[in-house]
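The values are calculated or read from the model by the stated rules, or taken from the named source; none is laboratory data. Worth saying up front: this structure is predicted, and the values here are computed from it rather than measured. Here Cβ is always computed from backbone atoms with ideal geometry, including for glycine, and neighbour counts include all displayed protein chains.
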Amino acid sequence: MVGGRKGRIKDIILNILAILVSLIMIMPIVLIVINSLKATGEAMTMTINLPKKIELGNFATVIEKGKLVKSFLNSIFYAGGATIITIVLGSMSAYVFSRRRSKGFGALYMYVVLGMVIPVNYVSLMKVMQTLALNNSSLGIILLYVAIQTPFMIFLLYGFVSKIPVELDEAAVIDGCNAGQLYFAIIMPLLKPAIVTGMVLCFLNTWNEFVMPLYFLNSSDKWPMTLAVYNFFGQFETSWNLICADVILTCAPVIIMYLVGQKYIVGGQTAGAVKG
Amino acid sequence: MNKKKLYPWYFAIGSVFIYSLLSVIPGIIGIGYSFTDWSAYSSELHFVGFDNFKTVFSGDNDYLRYISNTLLFTLVTTICKTSFGLLLALLLCSKVRFKNFHRGVLYLPSVIPILVTGLTFTSILNPKIGFLNTFLRAIGLDALAKQWLVDPKMAFPSVMTVDIWRGTGYIMTMLIAGIMAIPSVYYEAASIDGASGFKKFVHITLPMLRQTLAVTIVLNVIYGLKIFDMVYALTNGGPGHRTEVMYTAVFKMFSKGLYAEGTTISSVMFVFMIIIGFFMVKILTKDEVVE
């Protein structure tokens, strides 16, 4: 019984600790939400004080001044395009690598997966982009994202393909499937959970990225949300209400995605780290 | 069954081609360019041998500091994220209430663009009017209200702390997944044998988490060596290059048209990462070999 009391005190301390940590984590986010609703005079500095009057007009101002509609569409286009190409090509590669397992394909798999580690040489990449006439082009940015995301995607999907029994392939061949039908009609539908995970992660990473556009997109009408928010920050340095509103609009799509697809995001990012 | 026909090589060609063209080839030709005087100011290229490498490693300028800063950043953030992540994972696997809420909140910073986190913290850490110092003064801890990103001594620790704030939840989430995968019979058996909580941690949790810990450390190291967004948004390398890391330095050289220096630093990193990357990828892909 003595242990029970000691245990209760320990419980209380642990609970308080958890609440404190959550508070530290959520505080900046609360700050941004509060300040995005303040009038300009109130938001010279970011404080935790609640706004005197809720100013939803900040969002309209930001959308207009920050040219957010255009950059929102750009972001959707880049992230969407890169995600589709990465997943379709990446899943096909992962499938072949996982099924063939010869020495050559094993080496090729290692070569691709090494891409998760190797750093980008932006300087010489610029030379390559210029040579291919991809500099300052939307297609160029999408292909860059495909190149960057492909290694992780192949790594992720490789594990899932390995879990689909080969006997299935044999049965399909006996039924008269050719290689294309086997993959697109039989294997790919079975990979759906993994593909959804991959798509969510790829979209998220690409949406949040801003270094590639920083180097390779000069014209502001091609900028994605992240680069637009950075630029906006430079222009309206003291109008924290507007900056916060801009930040919220930039983060909203990924936060909504996180809340809806939490299972896929967490599952995908922890895949490979945990056995089973 | 004919594997060659059933799993044709050309299925793999698309992604391998794009990856090679825009990720591997720039890295390799970058090594070539680092032996030249490539810059934005002249259209001619001259072979200069190891001159660029001598400039980088001579210690006459700040290049070595950018490299050591990057290594320090990687070391400190990896250690802190892993240990805090582990402690929080244990906390949120114990009998705490609203576990899922806490887990969700801690993971949240990982889905927000790093750039946005950085920008937000430039306001929070503002010495005069920032939220942190205002708060510290309000509760009477004036002495703790430092010149976070401005003081040359405080700037780099501040940058690292913000990054630890951002990245710990992600590591914690991976470790929670690892802890949950440990079969509960081990703990039950240990309880019957009268093992204490600490003993269970040392003899069951830690050994069973070895692979997960290895992976999180690898991911942290890769992230740390490539750090750019966070530093760029918080300090852009300042004050006086105190927080400059390799990638922010490369971006500055790129903007100034000093392509040869930029590509030299990138190439040093490229070669270094390929060497250690090989071992890291072995750790990352270890599971599949077992399966």
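Of the residues that sit in the range A:151-189 and are assigned to a helix (DSSP H, G or I) and among the β-branched types (V, I, T), which one is surrounded by the fewest Cβ atoms within 10 Å (Cβ to Cβ)?
Of everything passing the filter in the range A:151-189, A:I174 is surrounded by the fewest Cβ atoms within 10 Å (Cβ to Cβ).
B:G237 versus (1) part of a helix (DSSP H, G or I); (2) free of Cβ contacts under 8 Å to residues at least 60 places away in the same chain: which is the lone unmet condition?
(1)
Output yes when any residue across the range B:31-42 is within 30 Å of A:I16 (Cβ to Cβ), crowded, with 18+ Cβ neighbours inside 10 Å and away from every other protein chain (no Cβ under 11 Å), and no when none is.
Among the residues of the range B:31-42, not one is within 30 Å of A:I16 (Cβ to Cβ), crowded, with 18+ Cβ neighbours inside 10 Å and away from every other protein chain (no Cβ under 11 Å), which makes the answer no.
Considering (1) modelled with pLDDT under 90; (2) in a helix (DSSP H, G or I), say which one B:T263 fails and leave the rest.
Just one mismatch for B:T263, condition (1).
Does B:R103 fit the bill of being in a loop (DSSP other than H, G, I, E, B), within 11 Å of another protein chain (Cβ to nearest Cβ) and not aromatic (F, W, Y)?
In short, no.
Can you list the helices (runs of 4 or more DSSP H) found entirely within the range B:122-207 that contain at least 2 residues being surrounded by 18 or more Cβ atoms within 10 Å (Cβ to Cβ) and more than 10 Å from chain A (Cβ to nearest Cβ)?
Here the list reads B:152-180.
I'd like to verify a number: residues in the range A:133-150 that are assigned to a loop (DSSP other than H, G, I, E, B) and either closer than 25 Å to B:Y223 by Cβ or aliphatic (A, V, I, L, M) (or both), how many?
Selection size over the range A:133-150: 2.
Here are some conditions: (1) in contact with a Ser or Thr (Cβ under 9 Å, 6 or more places away or on another chain); (2) surrounded by fewer than 20 Cβ atoms within 10 Å (Cβ to Cβ); (3) of a type in the set (F, W, Y). B:Y259 meets all but one. Which one does it not meet?
(2)
Which ones in the range B:1-24 are buried (at least 17 other Cβ atoms within 10 Å of the Cβ), more than 12 Å from A:F105 (Cβ to Cβ) and among the aliphatic types (A, V, I, L, M)?
B:L6, B:I18, B:L22, B:V24
Can you tell me which residue among A:V96, A:V69 is in a helix (DSSP H, G or I), at the interface with chain B (Cβ under 7 Å from one of its Cβ atoms) and aliphatic (A, V, I, L, M)?
A:V96
Just to be sure, is B:Y19 within 8 Å of chain A (Cβ to nearest Cβ), modelled with pLDDT under 95 and over 30 Å from A:A171 (Cβ atoms)?
No.
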